[in-house]
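S.K.: There's a structure below that I have some questions on.
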Amino acid sequence: MKFERSSGVLLHPTSLPGSYGIGDIGPKAHEWIDFLSTSGCNLWQVLPLGPTGYGDSPYQCFSAFAGNPYIISPDSLLSNGLLTYDDIRDRPSFQIEKVDYGKVIPYKIKLLNRAFENFQSNAHSQAGKAFQTFCKNEVHWLDDYALFMTIKEVQGGGPWVDWPAHLRNRDTAALNTFKDEYAADITRQAFWQFLFFQQWSALRKYAIKRGINIIGDIPIFVAHDSADVWANPELFLLDKSGRPTVVAGVPPDYFSPTGQLWGNPLYRWDIHAENDYRWWLDRLRAVFSMVDIVRLDHFRGFSGYWEIPADEETAENGQWVPGPGAKFFDAVKKSLVSLSIIAEDLGEITPDVVELRDQFDLPGMKILVFAFDSDEENEFLPHNYHTPNCVVYTGTHDNDTTRGWYERADDKIRDYARRYLARDGHDIAWDLIRAAWSSVAVFALAPLQDLLNLGNEARMNYPSKPSGNWLWRMSPRTLTDSLRARLQDMNHLYARHSKSTMEKSE
C-alpha cells in the first residue's frame, strides 16, 4: 500500500460532545465523521482506544487488545434496546467542555451494568448469539482480560502484583475456583467488550462509507498493571514476584534535565523472537482490525531503548539497549503484508533509527511548533521536507496548542515564525495549518484545538504532569458551517481532497 496526499484531524473520542459527561463512539462520532467528509478530509486520528486506569491516560491501559468501556454510547444502547429511558433518567449534570472522570466513571459503570442485566434477561436473543461468536473469535485475549478485570474488581482495584500469591501467579486450581465463583462478573466484563467492539465496528464501517481512514495509535510499551503482563510474564523483564527489574523511559535532554521515567516494564525481546513475535503480531492484527493506519509510538525503541533500573527515582541512570530492529519488521511485513504505519520518530533520533525507518519506507513525523526555535536548518521547517514520505502536524496531544505555544514562545521565536510564514501572527493556528497543508508531506494533520484557535486551556496532555490530563471536550456548537468551509477551502487549495488515502502499489 502507498499513502496518497490527504489531510485530517487529531481528535480522541473522549473529546466529542454529548450528554453523558464524556465523548463516546455513538451518534456524535458519526456526526464527526460527516463533518470530516464534507470538509474534504480523509483522515481521523485517535489516541489508543484501550481501557484506561489511574490517571485516565490512553497510554496506560489495562489491556493492549481491549476497548475502553467508558466510551460506549448509551444512546446506541437505547437504540438497540439494551437500555431504556428509565435507565438514564437520573443522569447527573456534567460539565460540557471538560471530562470529570470522578463523576463519569461510576455513572457509565452503572449504565453498563444495567445493560448487562437487560441482556441477561434475554440472552438467547440474536444479541446473545452474536456475543457468543464474539467471545469465541476473541478468546486469545478476551478470557485473560475479563478474568484480570474481575479479580482486580474483587481485590479493590489494586495492582496484580499485590494480589494474593495464588492469583498473582496464576495458580490453575485457584483460578478455576475463582472462575466458578465469579462467573457472572467475568461474563459481564466480556460483554462490555462485546458492546465496545460492536459499536466501534459500526463506526468504522460508517467511516469507510464516508471515505474516512482512521489512524490508530500503538504505544510501544504496555502498562505493568495490565492483563498483558499478568497473563504473559515470560515476555517481560520481571523478578519472581512479578515486579519489573528494569523500566522504560528516555534520558535527560533539553526539555527534561532528569529525563522521563515512564515505568513500563521492558520486553524480553529474545523470547519474543523465539516465539516469532506472536504476541506482537496478534497485537498489530487486533489494532489493524479497528483502524486503517497505525502510528507506532516511540518508534526509536525498536532500534534502541533506554533501560532504567527499576529502583531509580529518575531516568538519569540508564543505558541504551538494542531493540529488535529489522528482524521484527521483517516478521511484521511477512505476516501483515502491508506496513500502513507512521513512525513516531521524535526525540533523540540517531542514525540507526533513521536507517530502520527508511529501510521499511515508513513515513516519519514533522511537528511545526518545533520548527522555529533554531535556524533555517531545523528539520521541522517545511522547506526541509526532502520527501513527501512524511506526516506533518501543527502539534500533537503532548504539545501546547499552536496558540498556546505562540503565546508562551519568546520574541525571537515568534519573530522568526512570522517572517517564515509571511503572516502577522494574529491567526497563528491557521497560519501553521496553511504551512502544513501546503507542504509536500503526504499527510497533513492538526488537532481540532488548532482548527478552533484555542489556547492551552484546551491542551490534552502535559507529559510531566501526573494528573489533570485528557480532559478537554469540544462544545456542542463547535462544528460550524464556517469552520467546515474554511477547512474545505484549505483542502481544495492544496490538493488534499483525494478519494482515498491509500492505494495498492503496483
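S.K.: Which members of region 226-257 meet the condition of being in a helix (DSSP H, G or I) and crowded, with 22+ Cβ neighbours inside 10 Å?
M.R.: 227, 228, 229, 230 - these are the residues of region 226-257 that are in a helix (DSSP H, G or I) and crowded, with 22+ Cβ neighbours inside 10 Å.
S.K.: A follow-up question, please. Hey, can you tell me all the residues within region 258-285 that are assigned to a loop (DSSP other than H, G, I, E, B) and under 29 Å from residue 335 (Cα atoms)?
M.R.: Once the filter is applied, which keeps residues that are assigned to a loop (DSSP other than H, G, I, E, B) and under 29 Å from residue 335 (Cα atoms), region 258-285 yields 266, 268, 275, 276, 277.
S.K.: What pairs come out if I take residues in region 441-469 that are over 20 Å from residue 403 (Cβ atoms) and pair them with residues that are of a type in the set (Gly, Ala, Ser) and in a loop (DSSP other than H, G, I, E, B) whose C-beta lies under 9 Å away, six or more apart or interchain?
M.R.: 464/256; 466/55; 467/55
S.K.: Which fully enclosed strands (runs of 3 or more DSSP E) of region 286-376 have 3 or more residues being surrounded by 15 or more Cβ atoms within 10 Å (Cβ to Cβ) and in contact with a strand residue (DSSP E or B) (Cβ under 8 Å, 6 or more places away or on another chain)?
M.R.: By residue number, 293-296, 304-309, 341-343, 364-367.
S.K.: How do the pairs read when you match residues in region 183-195 that are under 18 Å from residue 155 (Cα atoms) with residues anywhere that are acidic (Asp, Glu) and in a helix (DSSP H, G or I), using Cβ under 9 Å and keeping only pairs 6 or more apart or on different chains?
M.R.: What qualifies is 185/153; 186/143; 189/153.
S.K.: Please state which one of 392, 354 is touching a Ser or Thr at 6+ places or on another chain (Cβ under 8 Å) and at pLDDT 95 or above.
M.R.: The unique qualifying residue is 392.
S.K.: May I pose another question? In contact (Cβ under 8 Å) with a residue 60 or more places away in the chain and in a strand (DSSP E or B) - does that describe any residue in region 57-65?
M.R.: Looking for residues that are in contact (Cβ under 8 Å) with a residue 60 or more places away in the chain and in a strand (DSSP E or B), one finds at least one in region 57-65, hence yes.
S.K.: Taking the criterion of being within 30 Å of residue 430 (Cα to Cα) and charged (D, E, K, R), would at least one residue in region 324-333 satisfy it?
M.R.: Within region 324-333, not a single residue is within 30 Å of residue 430 (Cα to Cα) and charged (D, E, K, R).
S.K.: If residue 82 satisfies every condition in (1) under 26 Å from residue 287 (Cβ atoms); (2) crowded, with 21+ Cβ neighbours inside 10 Å but one, which is the exception?
M.R.: If we test residue 82 against (1) under 26 Å from residue 287 (Cβ atoms); (2) crowded, with 21+ Cβ neighbours inside 10 Å, just (1) comes out false.
S.K.: Let me ask another. Among the residues of region 230-254, write down those that are free of Cβ contacts under 8 Å to residues at least 40 places away in the same chain and over 21 Å from residue 318 (Cα atoms).
M.R.: Correct list: 233, 234, 240.
S.K.: Kindly indicate whether residue 142 is touching a Cys at 6+ places or on another chain (Cβ under 7 Å) and within 30 Å of residue 461 (Cα to Cα).
M.R.: yes
S.K.: Still on this model: Can you pull out the helices (runs of 4 or more DSSP H) entirely within region 396-471 that have at least 2 residues that are over 26 Å from the mean Cα position of the chain (by Cα), crowded, with 21+ Cβ neighbours inside 10 Å and at negative phi?
M.R.: By residue number, 428-438.
S.K.: Here's another thing I want to ask about it. Based on what the data block shows, is residue 378 at negative phi, free of Cβ contacts under 8 Å to residues at least 60 places away in the same chain and touching a helix residue (DSSP H, G or I) at 6+ places or on another chain (Cβ under 9 Å)?
M.R.: Criteria met by residue 378.
S.K.: Just one of 32, 44 is in contact with a strand residue (DSSP E or B) (Cβ under 6 Å, 6 or more places away or on another chain) and under 25 Å from residue 11 (Cα atoms); which is it?
M.R.: On inspection, the qualifying residue turns out to be 44.
S.K.: Additional query: Counting only residues that are modelled with pLDDT under 95 and either closer than 19 Å to residue 13 by Cα or in contact with a Cys (Cβ under 8 Å, 6 or more places away or on another chain) (or both), how many does region 456-466 have?
M.R.: Residues in region 456-466 being modelled with pLDDT under 95 and either closer than 19 Å to residue 13 by Cα or in contact with a Cys (Cβ under 8 Å, 6 or more places away or on another chain) (or both): 1 in total.
S.K.: Can you find a residue in region 134-141 that is surrounded by fewer than 18 Cβ atoms within 10 Å (Cβ to Cβ) and touching a residue at least 40 places away in the same chain (Cβ under 8 Å)?
M.R.: yes
S.K.: From the residues in region 258-278 that are at pLDDT 95 or above and surrounded by 18 or more Cβ atoms within 10 Å (Cβ to Cβ), which one is nearest to residue 48 (Cα to Cα)?
M.R.: Only one residue tops the list, namely 264.
S.K.: Name the pairs whose Cβ atoms lie under 9 Å apart, with the first residue in region 164-180 and over 15 Å from residue 154 (Cβ atoms), the second surrounded by 14 or more Cβ atoms within 10 Å (Cβ to Cβ) and charged (D, E, K, R), and 6 or more positions between them or separate chains?
M.R.: From region 164-180, the pairs are 165/171.
S.K.: Here's something else I'd like to know. Could you list all residues from region 204-213 that are surrounded by 20 or more Cβ atoms within 10 Å (Cβ to Cβ) and of a type in the set (A, V, I, L, M)?
M.R.: Of everything in region 204-213, those that are surrounded by 20 or more Cβ atoms within 10 Å (Cβ to Cβ) and of a type in the set (A, V, I, L, M) turn out to be 207, 212.
Condition check ((1) touching a Ser or Thr at 6+ places or on another chain (Cβ under 8 Å); (2) more than 20 Å from residue 57 (Cα to Cα)) across all residues:
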position: 199; (1), (2): yes, yes
position: 204; (1), (2): no, yes
position: 212; (1), (2): yes, yes
position: 234; (1), (2): no, yes
position: 240; (1), (2): no, yes
position: 259; (1), (2): yes, no
position: 268; (1), (2): no, yes
position: 282; (1), (2): no, yes
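S.K.: Something else about it: For residues in region 1-27 being outside any loop (DSSP other than H, G, I, E, B) and more than 19 Å from the chain's Cα centre (by Cα), which is nearest to residue 443 (Cα to Cα)?
M.R.: 6
The values are calculated or read from the model by the stated rules, or taken from the named source; none is laboratory data. What you see is a predicted model, and the numbers here were worked out from it, not measured in a lab. Note: ideal-geometry Cβ built from the backbone for every residue, glycine included; neighbour counts use all protein chains shown.
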